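To keep things clear, I will list the structure first and then write my remarks on it.
The values are calculated or read from the model by the stated rules, or taken from the named source; none is laboratory data. It should be emphasised that the depicted structure is a prediction, and the values quoted were computed from it without experimental measurement. Positions of Cβ are backbone-derived with ideal geometry, glycine not excepted, and every protein chain shown enters the neighbour counts. For the accessible areas, the whole protein counts, side chains as well, though only heavy atoms, and no ligand, DNA or RNA atoms are used. Shrake-Rupley method; radii C 1.70, N 1.55, O 1.52, S 1.80 Å.
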Amino acid sequence: MADPVASLARAFTRFGQAHPAQSQVATEFVAVLGEAQDPFVRTRLAGHFTASALVVSRDGARTLLTHHRKLGLWLQPGGHADGDRDLARVALRETEEETGLRDVAVLPEIFDLDRHWIPVHRDVPGHWHYDVRYVVRAGTDETFAISEESLALAWVPILEVALGNGYDASLQRMAQRWRERAARPS
């Protein structure tokens, strides 16, 4: 059986090679894997892994965003690894939990990496999230259900996210990457 941490390190390295503008962040993610304290648990307050998903409609033209209850921003669904080293599985689980979508599939390759600061919330000090992002494709049933983590959910045209104002820069980067990927000949 393959070592999931070694596989993830190779995936981070491949991602950095394929996306030179993000090679430094990929190197940082590899370094976190090598640290003594488990980076897959949220109790590691120096920073820990999370996984999220650019949820794409079946036709590839829209993305499902959540109006995040704690942060007050329109973002992609995602959450903590909580010990799970299969971050693609975490992205899929978080998508299902936060959106209610059931007819979904995760693409196995890493789509984006983002290190971002999470401010103090109640009794949890501020800390870093090392967010590993995947594409999750919706099937024919795009009916969603709002979870307690969200104020709202909405299918939004990817073009609007890529070019619009008011979206997180890393979400815009993913939308732009999706548009570039979709424009490439097969």
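How about segment 145-163: which of its residues are touching a helix residue (DSSP H, G or I) at 6+ places or on another chain (Cβ under 8 Å) and open to solvent by less than 50 Å² (accessible area, probe 1.4 Å)?
147, 150, 153, 158, 161, 162
Restricting attention to segment 24-56, and to residues there that are polar (S, T, N, Q) and under 28 Å from residue 123 (Cα atoms), which single residue is surrounded by the most Cβ atoms within 10 Å (Cβ to Cβ)?
52
If residue 87 passes every condition in (1) closer than 18 Å to residue 6 by Cα; (2) surrounded by fewer than 21 Cβ atoms within 10 Å (Cβ to Cβ); (3) out of contact with any Gly (no Cβ under 8 Å at 6 or more places or on another chain) but one, which one does it miss?
So residue 87 meets the others, but not (2).
Return yes or no: is residue 65 surrounded by 19 or more Cβ atoms within 10 Å (Cβ to Cβ) and either assigned to a loop (DSSP other than H, G, I, E, B) or without any contact (Cβ under 8 Å) to a residue 40 or more places away in the chain (or both)?
Numbers: surrounded by 19 or more Cβ atoms within 10 Å (Cβ to Cβ): yes; either assigned to a loop (DSSP other than H, G, I, E, B) or without any contact (Cβ under 8 Å) to a residue 40 or more places away in the chain (or both): no.
Judged against the criteria, residue 65 is not a match.
Can you list residue pairs whose Cβ atoms sit under 7 Å apart, with the first residue in segment 28-52 being closer than 17 Å to residue 89 by Cα and hydrophobic (A, V, I, L, M, F, W, C) and the second being open to solvent by less than 70 Å² (accessible area, probe 1.4 Å) and in a loop (DSSP other than H, G, I, E, B)? Count only pairs 6 or more apart in sequence or on different chains.
Short answer, once both residue conditions are applied: 40/81; 40/83; 40/84; 41/83; 49/39; 49/40; 49/81; 51/81.
Quick one: what pairs do we get from segment 143-169, first residue within 13 Å of residue 62 (Cα to Cα), second aliphatic (A, V, I, L, M) and open to solvent by 80 Å² or more (accessible area, probe 1.4 Å), C-beta under 6 Å, 6+ apart or different chains?
Correct list of pairs: 153/146.
Give the residue, chosen from 40, 29, 49, that is farther than 30 Å from residue 139 by Cα and either in a loop (DSSP other than H, G, I, E, B) or in contact with a Phe, Trp or Tyr (Cβ under 8 Å, 6 or more places away or on another chain) (or both).
Numbers: 40 fails: farther than 30 Å from residue 139 by Cα; 49 fails: farther than 30 Å from residue 139 by Cα.
Result: 29 is the single residue among 40, 29, 49 that is farther than 30 Å from residue 139 by Cα and either in a loop (DSSP other than H, G, I, E, B) or in contact with a Phe, Trp or Tyr (Cβ under 8 Å, 6 or more places away or on another chain) (or both).
Can you run down the residue pairs with Cβ atoms below 6 Å, 6 or more apart or on separate chains, where the first is in segment 88-99 and closer than 15 Å to residue 147 by Cα and the partner is in a helix (DSSP H, G or I)?
none
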